[in-house]
Amino acid sequence: MSTTGKKSFFGVMKSYSKGFWLASMMELLERWAWYGLFAVLALYLTGSTDEGGLGFSHTEKGQIMGIVTAILYILPLVTGVIADKIGYKLSLVIAYVLLGSGYYVMGHVQSFTMVFIVFLWVAVGAAMFKPVASAIVTKNTDESNSTLGFGIFYMMVNIGGFIGPAFSSTLRTQFGWKIIFIQAAVVIAINLIVLLLFYKEKDKEKNTETISEAIKSSVIKIWEAVKDSRLSVLLIIMVGFWTMFNQLFYTLPTFIEDWVNTKALHDSIAQVSPWLASAMSGGGNSVNPEMLINLDAGSIILFQLIVSFFVLRMRHVSAMITGFIIAAIGIGITFYTGNGLYTILGIMIFAIGEMMTNPTFSSFIALISPKGKEALYMGTYFLPVFLGNFLTTFVSGNLYEAWSDKLSLLQVEMANRGIAMPEITQEFTKNNYFAAASEKLGMTETQMTQFIWDNYNPNKIWYVITGIGVVTILALIIYDRMVIRPREAKAK
């Protein structure tokens with residue numbers, strides 16, 4: 001890209017204001033804190049208590065991560081209105097206070113109820129931040145530089161989303177789980193300092209509506225948009241994509257922890273690059289699951305522009321369908337096998353599908369929006385994200401617990417053999433259970449894991465996860481043929 005309108009690329013870069021760069025930097029830091037925790041949260045919630053984890057069931061994990069994150073994505077309907085009313089700077093101060101304190105306290109609570117409440121506290125802070133950062137970018141760009149501006153902004157999202165887990169991997173390996181929460185709180189504190197020292201809010205737009213009136217108006221406008229069947233059907237279809245996408249953070253880390261021999265993977269990588277093996281293990285002797293998951297964000301940072309270049313040559317819906325197919329293949333590979341090299345391959349294939357689908361979805365909403373209602377229709381973007389997170393509660397929680405949880409399947413095997421085992425408590429931990437079961441079965445823990453894999457097929461969860469992708473693909477193909485192609489033919 002050499003020009004944008006009448007300005008050169010470098011001319012456009014120089015046109016961005018201080019407010020734009022501050023918003024982009026604050027987004028990077030906020031994503032660093034969020035993904036630094038979220039990428040390892042499933043492991044922390046279900047981890048053995050003798051290693052600093054909380055020892056929750058996968059059902060409890062699914063409820064905490066799925067329900068709370070779903071609430072986070074519906075709250076901007078309210079928090080965006082509040083931000084417009086009280087001003088962006090005050091909104092960000094409130095967001096950072098909630099986020100920083102929430103992250104710190106979350107590292108000190110242990111009961112399911114308290115973790116749920118404090119994580120919800122964090123989610124409210126994130127929901128206060130989310131619409132404000134985007135709004136600041138919008139206000140500090142114009143028609144000549146907004147496309148590249150939002151490209152830079154979302155690049156910051158992925159840079160933050162990559163740095164956070166990378167730091168967390170080393171920190172938790174070297175210093176234990178509590179440091180993860182301190183890291184998140186410190187990063188948010190830096191964000192607060194940057195805000196207070198450098199951000200100068202422009203004159204707020206005057207609005208005579210009360211907050212309740214503004215919220216009611218916002219809900220009515222969203223309802224007006226979703227009454228358009230072209231949009232509502234598309235949003236329902238995209239629920240499938242987000243449900244499938246969420247498995248990357250909710251389910252895959254624990255699947256890797258349970259079934260992928262990451263020590264063997266570490267040794268394989270070390271033969272090629274000892275430095276890379278050390279980086280991916282956080283200094284330990286096995287690859288940490290969050291570093292494998294982080295290949296998704298890393299791939300987006302490196303290849304999004306290249307993928308976008310090829311996507312520009314395709315119809316929007318064709319690009320989305322192709323992206324869905326690639327993503328479904330990738331996510332299927334990651335859950336089909338316990339081979340770490342295939343896990344890496346699957347995640348990188350999935351990333352290509354994500355790069356084709358997600359940006360195109362945003363662009364496609366704008367394309368089908370009636371003239372003058374583009375912003376209104378774009379405001380519905382969060383609805384499938386909300387529903388996708390809610391549905392993930394059951395896939396990552398209840399279904400994983402029943403089909404794929406190593407501990408649950410081992411407990412079934414021990415019961416079937418009539419071998420008495422103690423209940424898991426603070427004194428007799430998850431790791432103690434594995435060691436005791438291994439001894440009573442006369443197997444090494446590696447042999448025991450392979451035995452459970454061979455006899456219970458925990459990878460069968462891939463049928464459901466990939467099946468969601470297949471149904472989404474078929475629905476989008478039907479949508480294209482029945483709605484979009486006739487519309488394109490009529491336009492010609």
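The values are calculated or read from the model by the stated rules, or taken from the named source; none is laboratory data. Not measured: the values here are computed from a predicted model. Positions of Cβ are generated from backbone atoms using ideal geometry, with glycine treated the same way; all protein chains shown enter the neighbour counts. Just the protein is used for accessible areas: all its heavy atoms, side chains included, with ligands, DNA and RNA removed. Shrake-Rupley method; radii C 1.70, N 1.55, O 1.52, S 1.80 Å.
Using θ = phi - 60° in the Karplus curve 6.51 cos²θ - 1.76 cosθ + 1.60, the 3J(HN,Hα) couplings for segment 57-62 round to 6, 5, 5, 5, 4, x Hz; x is entered for Gly and Pro. For segment 160-229, the list of trypsin sites (Lys or Arg not before Pro) that fall in a loop by DSSP and count at most 14 other C-beta atoms within 10 angstrom reads LYS200, LYS202, LYS204, LYS206, LYS227.
For segment 160-220, a simple Cβ point-charge model (Lys and Arg +1, Asp and Glu -1, everything else neutral) yields a dipole of about 240 debye relative to the Cα centre.
Charge dipole (Cα centre; +1 on Lys/Arg Cβ, -1 on Asp/Glu Cβ; no other charges) of the chain amounts to roughly 1940 debye. Straight Cα distances below 18 angstrom link LYS406 to the aspartates and glutamates ASP50, GLU51, GLU60, GLU257, ASP258, GLU423, GLU439, GLU445, ASP454, with same-chain residues fewer than 8 positions distant left out.
Where only DSSP H runs of four or more residues are counted, the chain gives -24500 deg cm²/dmol as its mean residue ellipticity at 222 nm, each run worth -39500 (n - 2.57).
Beyond 29 Å in Cα-Cα separation lie the following of the pairs LYS216/LYS371; LYS130/LYS221; LYS216/LYS490; LYS178/LYS460: LYS216/LYS490; LYS178/LYS460. Each label point was placed 7 Å from the Cα along the Cα-to-Cβ direction; for LEU345 and LEU197 their separation is 4.9 nm. A Förster distance of 41 Å, applied to the separation of the beta-carbon atoms of GLU439 and LYS178, puts the FRET efficiency at 0.85. Using the Cβ-Cβ distance between THR208 and SER101 with R0 set to 41 Å, the FRET efficiency from 1/(1 + (r/R0)^6) comes to roughly 0.75. Backbone N atoms of segment 319-341 closer than 20 Å to the 7 Å Cα→Cβ label point of GLN271 belong to residues 338-341.
Think of a 1.4 Å ball rolled over the protein heavy atoms: the chain then has 45 Å² of accessible area per residue. One decimal place: the segment LYS227-PHE303 gains 23.7 nm when fully extended, by the rule 0.36 nm per residue minus the C-alpha distance. Positive end of the dipole of segment 434-492 (Cβ unit charges, origin at the Cα centre): among MET482, GLY469, PRO458, the Cα lying farthest that way belongs to MET482.
When you restrict to C-alpha pairs under 8 Å that are six or more residues apart and normalise by the size of the chain, the relative contact order lands at 22 percent.
Here the simple spin-label model places points 7 Å from the Cα toward Cβ, and for TYR381 and SER363 these points are separated by 1.4 nm. Computed from backbone phi, the HN-Hα couplings of segment 152-159 come to 5, 4, 6, 5, 4, 4, 6, 5 Hz, rounded to whole numbers (Karplus: 6.51 cos²θ - 1.76 cosθ + 1.60, θ = phi - 60°; Gly and Pro given as x). Label positions at MET482 and GLN110, each projected 7 Å from the Cα along the C-beta direction, are separated by 5.4 nm. Relative contact order (percent) for segment 372-473, with alpha-carbon contacts under 8 angstrom and 6 or more residues of separation? It rounds to 28 percent for segment 372-473.
Computed from Cα positions, the angle between helix 316-336 and the longest principal axis of the chain comes to roughly 10 degrees. Taking every alpha-carbon pair under 8 Å whose residues sit at least 6 apart, segment 259-395 reaches a relative contact order of 22 percent. Projecting the Cα atoms of GLY149, MET448, ALA491 onto the charge dipole of the chain (Cβ charges, centred on the Cα centre) puts ALA491 farthest toward the positive pole.
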